[in-house]
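Here is the structure we will look at.
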Amino acid sequence: MPETTPCGPRKHINVNGTEFVLLGTAHISRASTEEVEREVAGGAYDAVAIELCESRLRAFREPDHLERMDLFQTLREGRGGLVMASLALGAYQQRLAEQLGVDPGAEMKAAAAGAERQGADLVLVDREVGVTMRRLYRNVPWWQRFGLIGGLIGSLASSQRISSEEVERLKQGDLLESTFRELAQSSRALYQPLIDERDRYMAARLLESAAGRYKRVLVVLGAGHLEGVARYLGQAWEDPGVEREALERVPPPARWPRYLAYLVAIVIISGFVIGFSRSPELGWTLVATWVLINGGFSALGAALAYGHPVTVAGAFLAAPLTSLNPTIGAGFVAAAIELTVRRPRVGDFRALRQHVAHWRGWWTNRVARTLLVFFFASLGSAIGTYLAGARIIERLIAA
């Protein structure tokens, strides 16, 4: 059983002459932050390891890093969804800070600052959050992915007050775990990348970066990870580096969605050909059906995001064409138009995290609104594609 302190549990594990002191913390606890500060200030450690990755530490140290984001390049590289997910989680964190007066992860920042003051090495042991999100998304069946998206949207649409139940969950985990915990508890596909893989990854990082190099290492991590990391540290690892690299790889996307997109395009174009071969009137009716339904739903999505009227018109015109060319999406075209007609200002980037903490801010901040245009126009085009396709097939059968 782990030794219990007033703030949380801890474990002592010796590997290759290095003593790892695993200190379990609550991510939204002042007491945990104070305990970490006292522990590091004691000067008894050669290194301090924390449950952060490079990007999360940079976000703590450089709160203005979003100002340097190239939004157009982000969307072109297909990272719009990842940025939206990160902002949604950040919005949840901002609401916690406003409600409780404690920044989630304050004990990690305190550990990093304390290590610098003491001259101890700082070791980042958590996996990059983007890798975790991608592995999480790719690891679940496609029908469960709606639950992931719903969990993020729910965190935005819910009451601005964080419930006591959510606060208690955060005392044992982090923002990712709190958002998806109910799904993860019933789904092995979610539990693995979100919790178990991170336990293994942190243990591998500790063994690879610290074991045998330092005499004593303080490991600051959420209490929910304490048992898992301790268990994996105690196992015999042939090569921790190989394990770490395996856990950093993102599985390639399934090929069937792309094949399906091409198949749909072939079916629609074939429908036009068949329609015109029967009569020009039927052919043009099918084309009009395709344009009105596909373009209409994409335009509706852009309008729901409060896109500029030019953006809405652009989505209407682009969707029927892009749906027949799977290499480019209607959402990207609509977002590019929105960026052109309403270019985000420096203040929009600077205030992005504060604005998205409240749902109205997603529609008033130009950066967030562009991301919404991208998402809703893409969703509208996808819905319109299948509805229009079904209607075209129905008309061909009835003709």
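The table that follows gives values for the structure above.
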item	result
D_trans [Stokes-Einstein, Kirkwood Rh over alpha-carbon pairs] for the range 202-331, 4 °C, 1.567 mPa s, µm² s⁻¹	65 µm²/s
Mean Cβ neighbour count within 10 Å, used as a protection proxy, ranking 271-283, 119-131 highest first	119-131, 271-283
Whether the range 240-399 is rounded, prolate or oblate, judged on the alpha carbon gyration tensor where a/c under 1.5 counts as rounded	oblate
Using a Förster distance of 51 Å, the FRET efficiency for residue 31-residue 386 (Cβ separation, nearest 0.05)	0.45
Within-14-Å neighbourhood charge of residue 41 [Cβ basis; K, R +1; D, E -1]	-4
Burial order of peptide ranges 106-115, 247-256 (average beta-carbon count within 10 Å, highest first)	106-115, 247-256
Packing rank of 14-24, 316-326, 198-208, where each peptide gets the mean count of other beta carbons within 10 Å, highest leading	198-208, 316-326, 14-24
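Each value in this text was obtained by applying a stated rule to the coordinates, not by laboratory testing. Note that the structure is a prediction, hence the values are computed from the model and not measured. A quick note on method: Cβ atoms are made from the backbone with ideal geometry, for glycine too, and the neighbour counts reach across all protein chains shown.
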